[in-house]
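These notes are about the structure you will find just below.
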Amino acid sequence: MKTNLMIASVALLSALSAPVLAQEADSPIVGAWQMTSLEVASADGAYSTVPYSGMVIFTEGGTLSVQASDANPDAEDTTYTMNGYEAYYGPVVVDDEAGTFTITVASSLVRALEGQSLVRNFEVTDDQLVLTPVDASEGWRVTYDRQ
């Protein structure tokens, strides 16, 4: 009897969660993306390329993971990096209509990011993803190719 109740509970939970996962899987942002360029804006608004590499992964289950590295191991620390390296993950909510997502950072190399909600703009065209900050004063743009 206990086994049947357990099986029924698991089946019910699976049935209730399946539509949510299916909706998230329909988003064009779901998948693994390889960084092709990182650009930062100067005071005059002109963008220049920074030698960077990395990946971002959006799972069907609603998790975002970022790993990125500056080619210069002596790069200055930033809001998002330490020793030229950026790494964080957490639950993500994607709004395809608005072209935004919000990640709540669960764990990060830069501990000050933990618990913060970061909102980003995104645009997917064919197999290319472009991310920009909602706050344009942050002055960066990252381009990725789908893996």
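A short reminder: the numbers here are calculations on the coordinates, not readings from a lab. Remember, predicted model here, so these are calculated numbers, not experimental data. Neighbour counts are summed over all protein chains in view; Cβ atoms, including those assigned to glycine, are modelled from backbone coordinates with ideal geometry.
What is the packing order of peptides 49-55, 27-33, 95-101, taking the mean over residues of other C-beta atoms within 10 Å and listing the highest first?
27-33, 49-55, 95-101
If the convex hull of the alpha-carbon atoms of segment 61-147 is projected onto planes in all directions, what is the mean projected area in square nanometres?
If I average the Cα hull's projected area over directions, I get 6.2 nm².
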